[in-house]
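Chemist: Have a look at this one.
Since every read-out is calculated from the coordinates, none of them should be taken as a lab result. Because the structure is predicted, anything quoted here is derived from the model rather than measured. Please note: Cβ atoms are built from the backbone with ideal geometry, for glycine as well, and neighbour counts cover all protein chains shown.
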Amino acid sequence: MGLFKFIGKSDSENVAQTLVRSVSSSLEQLPAGVSRYLATFAFVLGRVAHADRHFSDAETRAMTDLVQVSGSLTAEQAALVVEIAKGQHRLFADQDASRITKQFRKMVAPDDVHKLMHGVLAVATADHQLTDDESAAVRDIGRDLGLPKDEIDDLLNAYHRKRVGNP
């Protein structure tokens, strides 16, 4: 009998734990500013994905793709960052969502704010629908990012037509 079977763990559980440790270790090597940016970016994406208190597979894939591209991460690293952000939303819901979104605005250039807003909309429409809760979250996030109401409305309308269908 192997050690892992003796203590009640399968070999696949051990492999998964080893992978998570390896990915975590590689993320720890990122500069503090980069990891703070990615954590905040993923958290805000999670804010819209969790607006309906559920993360769909399509939303999770969109979040992972955006984090991977934004941070030049491996797929495994991006998935871990997204899972951490999702866990924070499941545990703490909206306690600090507005504050964290406003912190993002303060730490980045205006182009990054717009990049995040487009990411928020891509996540919100990843499943080809846009619920009232998601629309409200997009508006709240846009406000917290300091975007004018008419710009938020224009973006929402454009994404709705493009990703969901004509209203």
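Chemist: Quick one: if the Förster radius is 41 Å, what FRET efficiency do HIS114 and GLN29 give, using the C-beta to C-beta distance and rounding to 0.05?
Modeler: For R0 = 41 Å, the calculated efficiency reads 0.90.
Chemist: Quick one: what are the phi-derived ³J(HN,Hα) couplings along region 136-147, Karplus 6.51/-1.76/1.60 with θ = phi - 60°, whole Hz, x for glycine and proline?
Modeler: 5, 5, 4, 5, 4, 5, x, 4, 5, 7, x, 7
Chemist: Here is a follow-up. Against the 2.2 N^0.38 Å scaling, with N counting residues, where does region 45-165 land? I'd like the Cα-based Rg ratio to two decimal places.
Modeler: Compared with the compact-globule rule of thumb, region 45-165 sits at 0.98.
Chemist: So if each residue of separation counts as 0.36 nm, and I subtract the Cα-Cα distance between SER72 and ASP96, what length gain in nm does that give?
Modeler: 6.0 nm
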